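In what follows, a single structure is set out as structure tokens and then discussed.
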Amino acid sequence: MNIAYSWLKEYIKTELTPQQIGDVLTQIGLEVGGIEEVETIKGGLKGLVIGEVISCAAHPDSDHLSITRVNVGKITLPIVCGAPNVAAGQKVIVATVGTTLYDGDQEFKIKKSKIRGEVSEGMICAEDEIGLGNSHDGIMVLDSEAIVGTEAAKYFKVENDYLIEVDLTPNRIDGASHIGVARDLVAFLKQTEEIEYSRPSVDAFKINNHNLEIPVEIITTEACHRYAGVTISDVTIKDSPEWLQNRLRSIGLKPINNIVDVTNFVLFETGQPLHAFDTAEIKGNKVVVKTLPAGTKFTTLDEVERQLHADDLMICNAESEAMCIGGVFGGATSGVKDSTKNIFLESAWFDPVFIRKTARRHGLNTDASFRFERGTDPNGVIYALKRAALLIQETAGGTISSEVVDIYPQPAEPFEVEVKLANVKRLIGIEIPVEKIKKILTSLEVEIVAETADNLLLKVPPYRVDVKREADVIEDILRIYGYNNIAPEAHVNSTIQYSPIPNPEKVKNQVSDYLASNGFNEIWSNSLTKPTYYEGLETLKAENTVTIFNPLSQDLGAMRQSLLFGGLEVISRNSNYQNSDLRLFEFGNTYFYKGGENLKSPADKYGEEFHLGVFLTGNKMAENWTSVATKTSFFTLKSCVDNILKRLGFNLDKLKIESAKNDLLEEGLEYMRGDGKSFVQFGYVNRKLAQNAEIDAQVYYADFNWNNIMLQLSNHKTSYSELPKFPAVRRDLALLVDEQVSFSQLKAVATKTERKLLRNVDIFDVYKGDKLPEGKKSYAMSFILRDDEKTLNDKAIDATMNRLIAMFERELGAKLR
């Protein structure tokens, strides 16, 4: 929310500097993100002067250029001009040599030049070239009374201002206007000085005639709690006066025309959104507020055709034709045009939930929806309507041609809150005098209905949608009293808490340090994700997704069931920025819905697990002068997984290893306890999932179930043994097996066959090719043998290897190559 310093001072008389105001606002909960000195027109019209065209002749070498001589005060400049309306005797705006003109973020510096052989020492400007309008039909011609040589900045009264950027939190929508900020600022300053804020009077509002009465009907009453309107006839659509344009420019808004500018001005002045309709488009001379059938097509002001939802609140005419998406966006045809003569001005109080859902469904985030979906002031509807009507009469002429229609079936009541003075002291930490508390409350426009020695009964105005409980009122008392006025305690209290063994944070940091030292980067992805990720999956079923009732967008509509999709988004984004060699990890919670009709508590319905996700893609080693690029492989990931588990003290030989192939992983492994509880699944990410994330490279992913790992560690007993005194022996075998036989099966047979001497089984080569029978593959395996009591001899080694070969052949049909 941008607040202009000079604009703010129209409602509050203070000598505080912009920096001092920023400090106060931050103290009272309207945090200021920055203060910037700005110009109402970029560049401040520096270098531009008023000139008079002394002569104008056709260019001898062009059919559309003119050669002019322009008096700019002390000198006369030759200027070649391409505008069709340039003529002798005109007062014009001239950009002299060295002047910088701005077109958005682009800069253009005026230089002395030759245009088709004729010298040009400046530029006669159109209004859009200097930021004073949108027209480029020709040069800007001034009144004949304009004084030659006057600086354009003085002529147009360009002023510098300070822009105060307020970072509004969702609960403080009452500060989304200049009057709202002034009101809160005064509440704080009132504690030390006599000061008030004022808002412009609307007492001059009067009805001129009843020539254009337009009745209003609210059908969808649950979505529209109050709707007011009035007609204004015989308006003239034109540019706004300079003061109005400067006000809008000071907060970064571009002026459009006098009617639209007034509605925008009142929006940022009062916080109440308004909308002006061309009455010629209101068929049947009636406004109807209702929803339309799902699928109805409606073209909005940005000329995009949208399909309406059954719950989208629409402002319609008597023929049920949509004119506007209520509280969100106007229609392409019903708004104010250059030909508009009569308008119907709308001011309303819409239900926040309806507006928020509509805005999210259509991806529209407008100044109006921003306020309506957080809660506007129901009692400010008529004031804003009258204020805008008076400004329209001032800037566009016209007459008020109807009674003010105000449909308000259930007026908003103040929030009744009872505050116990003992709780004020308990929550704030100090005792604030009762009279001071009452002064703070009245400065916040809170009515004190009744008072006892211990309690205050209050009525909080409806525009404070964030103050409905005792704690909210106490928070308001504290922020106006001043956080800086609360002295810190002289002593510090501490508590002794039970710390589980092993310490979860210590274990997590241990693994994080290992990964970081091996070139991994930690990522944090949003726990809110797209529900569509889980459609069609069996491993993570869509019906187990925890969905959000009021999502900010469809992309943030569900809680994640897995860390996988957040990691794929990160990989996709980095790949788009040519950063494709990635090693990533993330710790985070995952969520799922358990289902069931008889579940009572949320804990029965929903589950939450902590996971570690590890991602690898691209090259393991980049190309350099000593080596070629090496691709990351499954075994790169496997070594990482094994090392993490070893670092945590797991004996991999005692883990159950099975194939992990599902709709998340095309191929992989799963490490489990003997009872089947999974520690980790890892392997190749399903190619379809990667392609859906616009990733072409192979992605490797490991998913650690951290809950199961920590449970195992809590029961883990550390054991150790002396280093072996006798040497180990290695023997290798090349086995020919069927294609469906896995290494884990061979390892399981070996471990079962030889329990005493066999220390390790590993694989160092896999071969498939035309030299082997069809349906066969070759495994090259190594076996480490050791006897802890004596040195092995050839006889014992050969006997062991023969037993292994026999068991491989009997149980898996393996043959020696």
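Surface exposure of region 497-540, expressed per residue as accessible area with a 1.4 Å probe, stands at 67 Å².
Looking at region 395-471, the accessible area is 53 square angstrom per residue; that uses a 1.4 Å probe and ignores ligands, DNA and RNA. Summarising the strand pairing of the chain, around 95 percent of its internal DSSP beta bridges are antiparallel. Ligands, DNA and RNA left out, the 1.4 Å accessible surface of region 425-542 is 51% carbon and sulfur atoms.
Within the accessible area of region 251-394, the carbon and sulfur atoms contribute 47%, probe 1.4 Å, all protein chains present. Kirkwood hydrodynamic radius computed over region 515-597 comes to 14.1 Å, based on all pairs of distinct alpha carbons. Counting only protein chain heavy atoms and rolling a 1.4 Å probe, the accessible areas of Val119, Val328 rank, largest first, as Val119, Val328. Computed over region 400-559, the convex hull of the alpha-carbon atoms projects to a mean area of 21.8 nm². Surface composition of region 586-717: carbon plus sulfur atoms hold 47% of the accessible area, using a 1.4 angstrom probe and ignoring ligands, DNA and RNA.
For the listed peptides 484-492, 797-805, a ranking on the average number of other beta carbons within 10 Å per residue, highest first, reads 797-805, 484-492. Scaling the Cα radius of gyration of region 544-697 by the globular reference 2.2 N^0.38 Å produces a ratio of 1.22. Could you tell me what % of all Cα pairs in region 633-790 have separations over 18 Å? Summing the P(r) tail past 18 Å for region 633-790 gives 68 percent. Alpha carbon centre of region 219-266 versus region 672-735: separation in Å? Centre-to-centre (Cα) distance: 64 Å.
Spatial offset of region 102-165 relative to region 339-371 amounts to 36 Å, using the alpha carbon center of each. One Cα centroid belongs to region 639-656, the other to region 421-479; the line between them spans 59 Å. The angle between the Cα long axis of helix 794-812 and the main principal axis of the chain comes to about 60°, on a 0 to 90 degree scale.
For the chain, the alpha carbon positions stretch 118, 91, 63 Å along the principal axes, listed from largest to smallest.
A protection proxy built from the mean count of other Cβ atoms within 10 Å ranks the segments 296-308, 722-734, most packed first, as 296-308, 722-734.
With all protein chains kept in place, the per residue accessible area of region 108-147 amounts to 60 square angstrom at a probe of 1.4 angstrom. Peptides 767-779, 663-675, 377-389, ordered by how many other C-beta atoms sit within 10 Å of their residues on average, highest first, read 377-389, 663-675, 767-779. Comparing region 136-267 with the 2.2 N^0.38 Å rule of thumb, its C-alpha radius of gyration ratio is 1.46 (two decimals).
The values are calculated or read from the model by the stated rules, or taken from the named source; none is laboratory data. Owing to the predicted nature of the structure, the values given are computational and were not obtained by experimental measurement. Neighbour counts are summed over all protein chains in view; Cβ atoms, including those assigned to glycine, are modelled from backbone coordinates with ideal geometry. Only protein heavy atoms, including side chains, enter the accessible area calculation; ligands, DNA and RNA are left aside. Shrake-Rupley method; radii C 1.70, N 1.55, O 1.52, S 1.80 Å.
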